[in-house]
């Protein structure tokens with residue numbers, strides 16, 4: 001009697017869970033799931049690494065004020081962090097300035113230095129954009145990869161219906177559940193990838209604006225032999241207290 005009560009009260013075994021759906025789906029479903037997992041892991045890896053890279057560039061930009069306060073570009077370059085984007089542009093600009101004497105006239109020298117800074121800026125922007133095409137590809141294709149799993153799941157459900165001769169729930173629940181799971185996973189992979197891509201792109205555009213402005217200031221400084229410098233924001237000195245006025249006797 002006790003054994004029968006325990007058997008009646010035991011929870012029914014779930015035959016339609018995620019693991020069971022993957023087992024029923026076979027190698028094709030498992031392969032599609034593996035591809036989606038790789039896409040998701042790759043997207044989060046690029047998101048984290050690119051965010052840290054951009055954060056480092058923004059932090060290094062805080063040294064620009066110290067750079068412009070130096071007496072010369074060479075002296076200012078030593079105040080910038082080595083292997084930084086800003087140090088690279090200064091080094092490339094100085095190298096172009098040293099070789100501009102080989103140009104026939106001043107116009108060619110200006111174009112040479114401008115082109116050198118533009119190439120340096122483009123190289124930095126290209127490095128910052130590395131990995132973003134993968135995010136865009138994941139965001140665009142992962143829903144279709146999930147849809148492929150959905151189509152295969154529905155196809156397997158139709159085969160089971162044809163073999164059984166009836167659309168009983170036990171024949172179609174597994175394949176249909178597998179199809180819905182694949183659709184959901186494809187969307188879960190795509191949405192973070194698209195959001196990450198747009199966010200990182202916006203930050204890259206801000207860095208590109210800073211690089212372009214810095215390159216313009218460098219070119220103006222080199223062409224003017226150091227006389228033209230951008231306005232450097234300096235913390236205002238504490239206001240001195242006003243001197244006390246001598247007391248005057250009230251008029252009668």
### Task
In nm, give the distance between the simple-model label positions of residue 60 and residue 212, each being 7 Å from the Cα along the Cα-to-Cβ direction.
2.1
### Query
residue 154 to residue 70: extension gain in nm, 0.36 nm per residue of separation minus the Cα-Cα distance?
23.3 nm
### Query
Can you work out the FRET efficiency for the pair residue 49 and residue 28, with r the C-beta to C-beta distance and R0 = 30 Å, to the nearest 0.05?
0.40
### Query
In what sequence do 75, 178, 53 fall when counting other Cβ within 10 Å, fewest first?
75, 53, 178
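Since every read-out is calculated from the coordinates, none of them should be taken as a lab result. The shown structure was predicted, so the numbers you read here are calculated from the model rather than taken from an experiment. Positions of Cβ are backbone-derived with ideal geometry, glycine not excepted, and every protein chain shown enters the neighbour counts.
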